[in-house]
Amino acid sequence: MSDSDKIIDEVVGNDYKYGFVTNIEQEFAEKGLTENTVRFISAKKNEPEWMLEWRLKAFRAWEKMEEPTWQNVHFPKINFQDIIYYAAPKKKKEIKSLDDVDPEIRATYDKLGIPIQEQKLLAGVAVDYVMDSESVITTFRESLKEKGIIFCSISEAIREHGTLVRKYLGSVVPQRDNYYAALNSAVFSDGSFVYIPKGVRCPMELSTYFRINAENTGQFERTLIIADEGSYVSYLEGCTAPMRDENQLHAAVVELITHDNAEIKYSTVQNWYPGDKEGKGGIYNFVTKRGMCKGVNSKISWTQVETGSAITWKYPSCILKGDNSIGEFYSVAVTNNYQQADTGTKMIHIGKNTRSRIVSKGISAGKSQNSYRGLVQVHGTADNAYNFSQCDSLLIGDKCGAHTFPYLEIKNNTGKVEHEATTSKIGEDLLFYCNQRGLTDEEAVSMIINGYCKEVFQHLPMEFAVEAQKLLSISLEGSVG
Amino acid sequence: MLSIKNLTVAVNGKEILKDFNLEIKAGEVHAIMGPNGTGKSTLAATLAGKEDYEVLSGEVIFKGKNLLEMDADERAREGVFLAFQYPVEIPGVSTTNFMKAAVNAKRKHNGLEPLDAKDFLKMMNEKSQLVEIKREFLSRSINEGFSGGEKKRNEIFQMAMLEPSLCILDETDSGLDIDALRIVANGVNKLRNAERSFLVITHYQRLLNYIVPDFVHVMFGGRIVKSGGKELALKLEAEGYDWVKEEVEMI
Ligand SMILES: Nc1ncnc2c1ncn2[C@@H]1O[C@H](COP(=O)(O)OP(=O)(O)OP(=O)(O)O)[C@@H](O)[C@H]1O
Ligand SMILES: [Mg+2]
């Protein structure tokens, strides 16, 4: 370990509990959240004045808000004054080879079949050792630049592309949208920014994995993606490898905007640490994701595979404002052991002939609770709106729960709303039938799960789908028998 | 092939099979008949390795191995097949995908490479003709929305695919219409050979006109009380079980 690392390590290791004087020279904000914390973060990031004002507005709104309690999840009250809201990107402990990586994490990489080079990158093995990936990233950046695509960290975007950010930030998820969104708006640390110019079809999947300055974005991530007229982009968030983080609370905000004839496809694989088998530890993932189909004939499609976190609370939504715009939501949410998930979507139909499609597949095992919550809202202006919702639940064993909360608000009856729901169970008889044909419990469950989730997986980019399939089997390991 | 000695089995603390004995040699077809609730399905499930069935005493040797020591999936890969009285539905999994997994699990067990798509399809084609099953059934979710008879036919199709050594048919004939009965029985007959044995559980002699058994056993109160040739089934059909009951009570 180098000297500077030692110092950082000491600071991180010992001094969290004491807090710091607010001082721009320092690497950490004082524990707790005050107006000064917000100023400190903004200053640390060299942000322009308008950005600071924007954050402060969010902070003042947050102060007056109450934490929501309507979700079907249970956890001890979070002390928001007990959190450190800014720490300079911590230098990862230098890992020289994969042999130094936590064997449990490595075992999962192997099960997922992640190539060695990629494993190194994920595990944070020092970059010098992964030259191949580096050169890939360089070519990748150059080809994006040629097309005029902007893909950078949001901090960089605030400094370099201020006009764009200022125009769109908060236009889909306003600062005071909800408690966690307000919190995020006040203190967000970093995240991604994407702008696809008119008529450009992004030639590759954009993923955080390749992002320039892919530093630790921390617990309050902020993402903004804009697809200008006639453009297309497919964005991947997260990865199938298990992610550990010492921050218990994660409250991200993602905003998507599509102009006329544009399309954004946003795929997520979320695999944060879910806590141990007894339900201890684990991450609280409270996310606000929303897309605005601003232009005519535009389309936003959310695909998510959620296997991690102790508690997941998220509803990727679409506001279908442009006439003929389309919103889609494809979701697989898995809960095992003591995990809790309350997830779903909102489809807000405002424009004429707007269409939306919801396919939600919940899988609960162990003692977990899995809730689907969906809202379909058809406004008076939305002539001929069409929605189709399919909400399926699969139970493994009999100690888990699945709950469905569909809400409909229809103010225009020229259209059509269809809802289908099923509940199935992998019980003893089903497993015995599969055993009798020569399949082990694990093989049987993974076969059934893959059949069950096919409709969602087919919307994921190819390699991602294969990994997601394996990930599901791993998450459910030991859930039967 | 199969040797069951002094087998006593309890379910939820209740003894169902009592000191049960049966010997089946390779290539033989044995039929078991008997009134409702005498333990025929319990015997089938015990042989297949269902967990809730508690073996209190006795032994079962299958192809020289102790069957009772193996888990259900291992028994299946070793060549025990049970055509269920009540086949279950598997949502979202087609018969094709199910069979691909099952056939390859067995091949792996035997140290063979998985079948490639072409060979697998060829095999599906051949075997589906055996029980005259329509191709469209194979791409539908297993047993979901199948009629009673279709489910039974699908069981025999799976049996043909897995090429087991011991085939246990639990009331495969009930629920079949007259044509289907003939088709299924013909399918079974085509699978008969010198290495493969059958244990056919049925209530009706009619099935045995098609699948002609080497032995017929009558089961009563958890054990075999009478054995004979195919003519025993005819007598049971004509006279019912009362005379067997009387004979048993006299002893
Ligand atoms: N899980 C169980 N718990 C309690 N009793 C059971 C259980 N399974 C079977 N039995 C009982 O064991 C006895 C034998 O059942 P089994 O299903 O083996 O009969 P069977 O001979 O196959 O009858 P049928 O001709 O009606 O199919 C019945 O009295 C049944 O109620
Ligand atoms: Mg029975």
**Request:** Identify, from the list B:162, B:191, B:199, the residue that is modelled with pLDDT of 90 or more and within 16 Å of ligand 1 (Cβ to nearest atom).
**Result:** B:199
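Residues are listed down the side, and each one gets a yes or a no for (1) modelled with pLDDT of 95 or more; (2) closer than 25 Å to residue A:453 by Cα; (3) of a type in the set (A, V, I, L, M, F, W, C):
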| residue | (1), (2), (3) |
| --- | --- |
| A:293 | yes, no, yes |
| A:304 | no, yes, no |
| A:308 | no, yes, no |
| A:320 | yes, no, yes |
| A:325 | yes, no, no |
| A:328 | yes, yes, no |
| A:339 | no, yes, no |
| A:347 | yes, yes, yes |
**Prompt:** Scanning for something surrounded by fewer than 14 Cβ atoms within 10 Å (Cβ to Cβ) and within 25 Å of residue B:195 (Cβ to Cβ), does segment B:79-99 turn up at least one residue?
**Reply:** no
**Message:** Here is a check on your reading of the model: is residue A:277 in contact with a Gly (Cβ under 9 Å, 6 or more places away or on another chain), open to solvent by 10 Å² or more (accessible area, probe 1.4 Å) and farther than 20 Å from residue A:375 by Cα?
**Reply:** yes
**Message:** residue B:199 - would you say it is over 30 Å from residue A:438 (Cβ atoms), in contact with a strand residue (DSSP E or B) (Cβ under 7 Å, 6 or more places away or on another chain) and of a type outside the set (Lys, Arg)?
**Reply:** no
**Item:** Of all residues in segment A:404-435 being of a type in the set (Val, Ile, Thr) and closer than 30 Å to residue A:351 by Cα, the one that is surrounded by the fewest Cβ atoms within 10 Å (Cβ to Cβ)
**Value:** A:414
**Item:** Odd one out for residue B:46, checked against (1) modelled with pLDDT of 95 or more; (2) under 26 Å from residue B:107 (Cβ atoms); (3) within 16 Å of ligand 2 (Cβ to nearest atom)
**Value:** (2)
**Request:** Check B:152, B:134 and return the single one that is touching a residue at least 12 places away in the same chain (Cβ under 8 Å) and not aromatic (Phe, Trp, Tyr).
**Result:** B:152
**Prompt:** Does residue A:455 satisfy the condition of being part of a helix (DSSP H, G or I), at pLDDT below 90 and open to solvent by 30 Å² or more (accessible area, probe 1.4 Å)?
**Reply:** yes
**Request:** Please enumerate the residues belonging to segment B:88-123 that are part of a loop (DSSP other than H, G, I, E, B) and facing chain A (nearest Cβ under 7 Å).
**Result:** B:88, B:90, B:91, B:92, B:93
**Complete:** Among B:31, B:26, B:44, B:48, the single one that is closer than 22 Å to residue B:214 by Cα, more than 11 Å from ligand 1 (Cβ to nearest atom) and either open to solvent by less than 10 Å² (accessible area, probe 1.4 Å) or in contact with a Pro (Cβ under 7 Å, 6 or more places away or on another chain) (or both) is B:31
**Request:** Consider only pairs whose beta carbons are under 9 Å apart and that are at least six residues apart or on different chains; among these, list those whose first residue lies in segment B:30-51 and is touching a residue at least 60 places away in the same chain (Cβ under 8 Å) and whose second residue is within 6 Å of ligand 1 (Cβ to nearest atom) and basic (Lys, Arg).
**Result:** B:32/B:40; B:33/B:40; B:34/B:40
**Fill in**
Filtering segment B:12-60 down to residues that are within 14 Å of chain A (Cβ to nearest Cβ) and part of a strand (DSSP E or B) yields B:53
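The values are calculated or read from the model by the stated rules, or taken from the named source; none is laboratory data. Just so it is clear, the model here is predicted, and its values are computed rather than measured. Positions of Cβ are generated from backbone atoms using ideal geometry, with glycine treated the same way; all protein chains shown enter the neighbour counts. The area values use the complete protein model at the heavy-atom level, side chains included, leaving out ligands, DNA and RNA. Shrake-Rupley method; radii C 1.70, N 1.55, O 1.52, S 1.80 Å.
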